[in-house]
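Encoded as structure tokens, the structure appears first; notes follow it.
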Amino acid sequence: MKELVEVIAKALVDNPDEVTVDEKQEGRNITISLHVADSDMGKVIGKQGRIAKAIRTVVKAANDDGKQRVDVEIG
């Protein structure tokens, strides 16, 4: 999951070297934290949060077992 978010984010931003993705698992919950440069924040979030929502949808669809809950935090 971490790699998927990283590939998507690097394709969207102007500064792909500043993209960092952290994955934290607590029980059945997986939290993926995406950090980008301040100048690229709007490109990752998109108008009215549409791109952020699309990223979350793709990650949830890629969750193969469905037993774990995956959250994507953008900051």
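Cβ contacts < 7 Å: first residue within 24 Å of residue 13 (Cα to Cα), restricted to segment 62-74; second residue surrounded by 13 or more Cβ atoms within 10 Å (Cβ to Cβ) and small (Gly, Ala, Ser), any location; separation 6+ or different chain. Result?
73/33; 74/52
Mind listing whichever residues of segment 36-69 are in contact with a strand residue (DSSP E or B) (Cβ under 7 Å, 6 or more places away or on another chain) and either part of a helix (DSSP H, G or I) or crowded, with 17+ Cβ neighbours inside 10 Å (or both)?
Residues satisfying the conditions are 44, 45, 52, 55, 56, 59, 60.
Among the residues of segment 1-35 satisfying the criterion of being hydroxyl-bearing (Ser, Thr, Tyr) and under 12 Å from residue 72 (Cβ atoms), which is surrounded by the most Cβ atoms within 10 Å (Cβ to Cβ)?
Within segment 1-35, the match that is surrounded by the most Cβ atoms within 10 Å (Cβ to Cβ) is 33.
How many residues are within 16 Å of the chain's Cα centre (by Cα), assigned to a strand (DSSP E or B) and not hydroxyl-bearing (Ser, Thr, Tyr) when one looks only at segment 12-35?
Going through segment 12-35 one residue at a time, the tally reaches 10.
So which of 10, 24 is without any contact (Cβ under 8 Å) to a residue 12 or more places away in the chain and in contact with a Pro (Cβ under 6 Å, 6 or more places away or on another chain)?
One residue alone meets the criteria, 10.
Read the figures in this text as sums done on the coordinates, not as results from a lab. Every value quoted in this text rests on a predicted model; they were computed, and no experiment measured them. Ideal geometry is used to build each Cβ from the backbone, glycine not excepted, and the neighbour counts take in all protein chains shown.
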